[in-house]
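Every number here is computed from the coordinates shown, using simple stated rules; none is lab data. In this text, all values refer to a predicted model and were calculated from it rather than measured experimentally. Cβ placement follows ideal geometry from the backbone for every residue including glycine, while neighbour counts extend to all protein chains displayed.
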Amino acid sequence: MKIRIGSRGSDLALWQANFVKDQLTELGHEVEIKIIVTKGDQIQDLSFDKIEGKGFFTKEIEEALLNKEIDLAVHSHKDLETTSPDGLMIGAVSYREDPKDILLIREESYSDLMFLDLKEDAVVGTSSARRQTQIRRLRPDVKIEDLRGNVPTRINKLREGQYDAIILAAAGVSRLELNLTDLRVIDLDPTWFVPAPAQGVLGLQIREADVELYEVLRMIHHPEVAERIEIERGILRLMDGGCQLPLGVYCIKEFNEFVVYTSFTQNKDGVAEISSYQTHDKVGLIETIAEDLKDELS
C-alpha cells in the first residue's frame, strides 16, 4: 500500500512524520512525505492570541487530506481541534513521550537562591497562555514575553540573550536530541506544572472512509495512551477551548485508578489554580471536572 504523509516542514514535525513513516515501512508499505506550510508557520511576528481563527498548525494539512492530496496527516496531538472536521478522524495515536515542560535558563540568569533556580525579575519567553499563567503562579516576579519559532529557533533566541529563560515541551527537545549543555535545564513536574492535553502524543489523522488505512494504523496504535488523552482532550472540548485556552490537563492511570491534574484560570493574564481528581470509575469524570473548572469562572 502506498501512503502519502502530510507534515509541516519544521525539524520536529519532520521527525514526527519520519517516525511514523519508519513504522509503516517496517510493515511493508511504501511511504512518502509531503511538506505543507500552515498559517502558524507563515505568521511568525504575532503571538497566537492575535492570529485569527483556530487550527494554526493543522488547517492546511487537514484540507490536503480532505482533497486527497495526502492520505495521512501526522500532528502533534495537542495542536489539533478537539473535534475533527467532517470526513476526518484520528486513526491512531503514538506512544507518549515525556509530557512535562522544561525551563531552560541561561547561565548568567541562573540563581540557586531562587525557586526554579531563576534569578529575580527574569524575562521568561513563552507564547502559551497555559504556561504564562502557571509560571506567574510560581514566580510572580518574572516578566513574560512572547516567544515564537520552531524549537531550535526558540533556543537560539535564548542563547542570544533575548530572554533569561524559556519554557518548552520536553518531548520536542528529546526527539530532536538537542545539545543543551550550555544551559540549565529545570524539569517542571507535570503534577504541579500541568502540560497541555495530549502533550507528547502524535495524532495520526485520516479520512473516515479510508477503512484500509485505518486497519493498517491499528498495528501502531497505543490504546492505553488513547484512553488517557481522551480524558484530557474531553475536558478541553467541554471547556470549548483551543490551544490558547489557559488550561492544562494531565491524566495518569495507576492500579486501575485515574488521577487527573488540571491547571486553569480565566485568561492568560491571570494566575493558574491547580486541582487534582482521583477515581476508579471514569464515567462522568470528564463532565465533573469541566463543571468544576467552569465554576471557577463564575
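Miscellaneous remarks
- Spin-label pair E291/D146, simplified geometry with 7 Å Cα→Cβ offset, distance in nm: 3.9 nm
- Sequence ranges 253-264, 123-134, 165-176, 202-213, ranked by mean other-Cβ count within 10 angstrom, highest first: 123-134, 165-176, 202-213, 253-264
- Helix 129-138 axis, angle to the chain major axis (alpha carbon atoms, nearest 10°): 30 degrees
- Spin-label model, V283/E177: points 7 Å from Cα along the beta carbon direction are separated by 4.8 nm.
- Rg then Dmax, both in Å and based on the Cα atoms of the stretch 101-188: 11.7, 32.
- Computed lengthening from N256 to D86, 0.36 nm per intervening residue step minus Cα-Cα distance: 57.8 nm
- Helix 11-26 axis, angle to the chain major axis (alpha carbon atoms, nearest 10°): 40 degrees
- Relative compactness, the chain, computed as alpha-carbon Rg over 2.2 N^0.38 Å: 1.00
- From helices alone, the chain scores -9000 deg cm²/dmol at 222 nm; the rule is -39500 (n - 2.57) for each run of n ≥ 4 DSSP H residues, then divide by the residue total.
- On Cα atoms only, tilt of 285-297 relative to the major axis of the chain in degrees: 40 degrees
- The distance separating the Cα centre of the stretch 252-298 from that of the stretch 226-240 comes to 10 Å.
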